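Okay, so here's the structure we're looking at.
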Amino acid sequence: MSIPVIPVRVVKKIAETTDICTFELAEIDGAKLPSFSPGSHIDVHIGKDLVRQYSLCNNSSETHRYLIGVLRDPNSRGGSRAMHDNINENDVINISVPKNHFPLLDNAKRSLLLAGGIGVTPILCMAERLALIGSDVEMHYSASSPARMAFRQRISASTFANRVHFHFDDGNKQQKLNLDDLLRTPGQDVHLYVCGPKGFMDVVLATARKSGWQEAQLHYEFFSAEVVKTDRDTAFQVMLARSGRIIDVSPNTTVTKALAAAGIDIPVSCEQGICGTCLTHVVEGVPDHRDMYLTDEEKAQNDQFTPCCSRSCSPILVLDLD
Ligand code: FES
């Protein structure tokens, strides 16, 4: 199954901080790129079997370019390292059309935007959109130090600069992000958007929930996840509904890998249950959902799952595949 791609040229590669680079991408022939909305990301095909998702952080009204910011992750599984080391100006790379799993409501009474580190990329795009339409917005941006904070100049020069609070881990106590205070009173029709490292997001979301924020007010996108593996992972089988073939999935492999070994390729990207690229319909059986892509309501329906990381609670899962 092949997914359509757009070849683009790397027009600019800029080191924003010691470990964050931005890449400006444009159509090779100068044509317009597909439009996008704040919160969108693109899949970037970095190398053979290496696809990663990066949020678009330029103004969402632009169609002549996409801008992505990439953190060199010390725990890189290969993607961010390859972006930093191997992708340079004038290179041509393939990307997907923008997809949005982190949409912005632009009719909320007020929007509270929280960014941790490189999680600023979708948040910045949202802040610019909300400022443009005159919406009530407040942004908090945390980084480990000023030297590692990307886009500070762009934000400081923006029309919404006076509604942005910068927080630094290495700064004094007074300027640190106080989530208990910030999230204490969930206002009606106020929406909270958060993006950043998992630890940061977990604390923000836990504090919001503890303070009474409703799920419908919380919007978030995880960049990375640790796929849950337990000692209790057992073998199970998947049946391909359309052909009746049965494939064994051993405790040490994933459904996508077991299927690939049997010659059935399911497109994958993050392989961490974040992006939804591998989403597959379940005809029968009960998946053991381990992703962060599906909502709790979607998981409860048990009619789809992410085979890159999720497993099965039932001895056999029947999948809508040939
Ligand atoms: Fe991203 Fe499965 S490949 S969720």
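The values are calculated or read from the model by the stated rules, or taken from the named source; none is laboratory data. Please read all numbers here as calculations on a predicted model, not as lab measurements. All Cβ positions, glycine included, derive from the backbone under ideal geometry; neighbour counts span all protein chains shown. Keep in mind that these areas ignore ligands, DNA and RNA; they rest on the heavy atoms of the full protein, side chains included. Shrake-Rupley method; radii C 1.70, N 1.55, O 1.52, S 1.80 Å.
Here are a few things to note about the model shown:
- Qualifying residue in the stretch 239-248 (condition: out of contact with any strand residue (DSSP E or B) (no Cβ under 7 Å at 6 or more places or on another chain) and under 30 Å from Ser111 (Cα atoms)): no
- With respect to the conditions (1) in contact with a Leu (Cβ under 9 Å, 6 or more places away or on another chain); (2) over 21 Å from Cys275 (Cα atoms); (3) at pLDDT below 95; (4) not aliphatic (A, V, I, L, M), Asp29 lacks only one, and its number is (1).
- Test: residue in the stretch 176-186 that is without any contact (Cβ under 8 Å) to a residue 60 or more places away in the chain, of a type in the set (S, T, N, Q) and open to solvent by less than 70 Å² (accessible area, probe 1.4 Å): no
- Among the residues of the stretch 49-69, the one identified as surrounded by 14 or more Cβ atoms within 10 Å (Cβ to Cβ) and free of Cβ contacts under 8 Å to residues at least 12 places away in the same chain is Glu62.
Quick grid of which residues meet (1) under 30 Å from Leu114 (Cβ atoms); (2) within 16 Å of the ligand (Cβ to nearest atom); (3) outside any loop (DSSP other than H, G, I, E, B):
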{"site": "Asp233", "(1), (2), (3)": "no, no, no"}
{"site": "Ile247", "(1), (2), (3)": "no, no, yes"}
{"site": "Thr256", "(1), (2), (3)": "no, yes, yes"}
{"site": "Gly263", "(1), (2), (3)": "no, no, no"}
{"site": "Cys275", "(1), (2), (3)": "yes, yes, no"}
{"site": "Asp291", "(1), (2), (3)": "yes, yes, no"}
{"site": "Leu294", "(1), (2), (3)": "yes, yes, no"}
{"site": "Glu298", "(1), (2), (3)": "yes, yes, yes"}
{"site": "Cys308", "(1), (2), (3)": "yes, yes, no"}
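- Residue within the stretch 225-232 that is at pLDDT 90 or above and either out of contact with any Cys (no Cβ under 7 Å at 6 or more places or on another chain) or acidic (Asp, Glu) (or both) present: no
- Members of the stretch 75-99 that are under 14 Å from Leu33 (Cα atoms), open to solvent by 10 Å² or more (accessible area, probe 1.4 Å) and within 17 Å of the chain's Cα centre (by Cα): Val97, Pro98, Lys99
- Conditions (1) farther than 30 Å from Gln217 by Cβ; (2) crowded, with 16+ Cβ neighbours inside 10 Å: number failed by Phe36: (1)
Matching residues to (1) closer than 25 Å to Leu124 by Cα; (2) open to solvent by 50 Å² or more (accessible area, probe 1.4 Å); (3) not aromatic (Phe, Trp, Tyr):
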| residue | (1), (2), (3) |
| --- | --- |
| Phe222 | yes, no, no |
| Asp248 | no, yes, yes |
| Pro251 | no, no, yes |
| Ala261 | no, yes, yes |
| Ile264 | no, no, yes |
| Val282 | no, no, yes |
| Tyr293 | yes, yes, no |
| Ala300 | no, yes, yes |
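- For the condition open to solvent by 60 Å² or more (accessible area, probe 1.4 Å), touching a residue at least 60 places away in the same chain (Cβ under 8 Å) and closer than 24 Å to Asp202 by Cβ, Arg72 does not qualify.
- So Gln217, is it buried (at least 16 other Cβ atoms within 10 Å of the Cβ) and within 30 Å of Lys176 (Cβ to Cβ): yes
- A single member of Ala157, Ala131 is open to solvent by 70 Å² or more (accessible area, probe 1.4 Å) and over 21 Å from the mean Cα position of the chain (by Cα), and it is Ala157.
- Of the strands (runs of 3 or more DSSP E) lying entirely inside the stretch 55-124, those containing at least 1 residues that are more than 22 Å from Val10 (Cβ to Cβ) are 110-116.
- Qualifying residue in the stretch 126-133 (condition: in contact with a Cys (Cβ under 9 Å, 6 or more places away or on another chain), in contact (Cβ under 8 Å) with a residue 12 or more places away in the chain and in a loop (DSSP other than H, G, I, E, B)): no
- One residue stands out in the stretch 96-117 among those that are of a type in the set (A, V, I, L, M, F, W, C) and at pLDDT below 95: the one that is nearest to Gly187 (Cα to Cα), namely Ala108.
- Positions within the stretch 277-288 being in a loop (DSSP other than H, G, I, E, B) and either modelled with pLDDT under 95 or within 11 Å of the ligand (Cβ to nearest atom) (or both), in sequence order: Thr277, Cys278, Leu279
- Val238 over 19 Å from Thr295 (Cα atoms), surrounded by 16 or more Cβ atoms within 10 Å (Cβ to Cβ) and more than 16 Å from the ligand (Cβ to nearest atom): no
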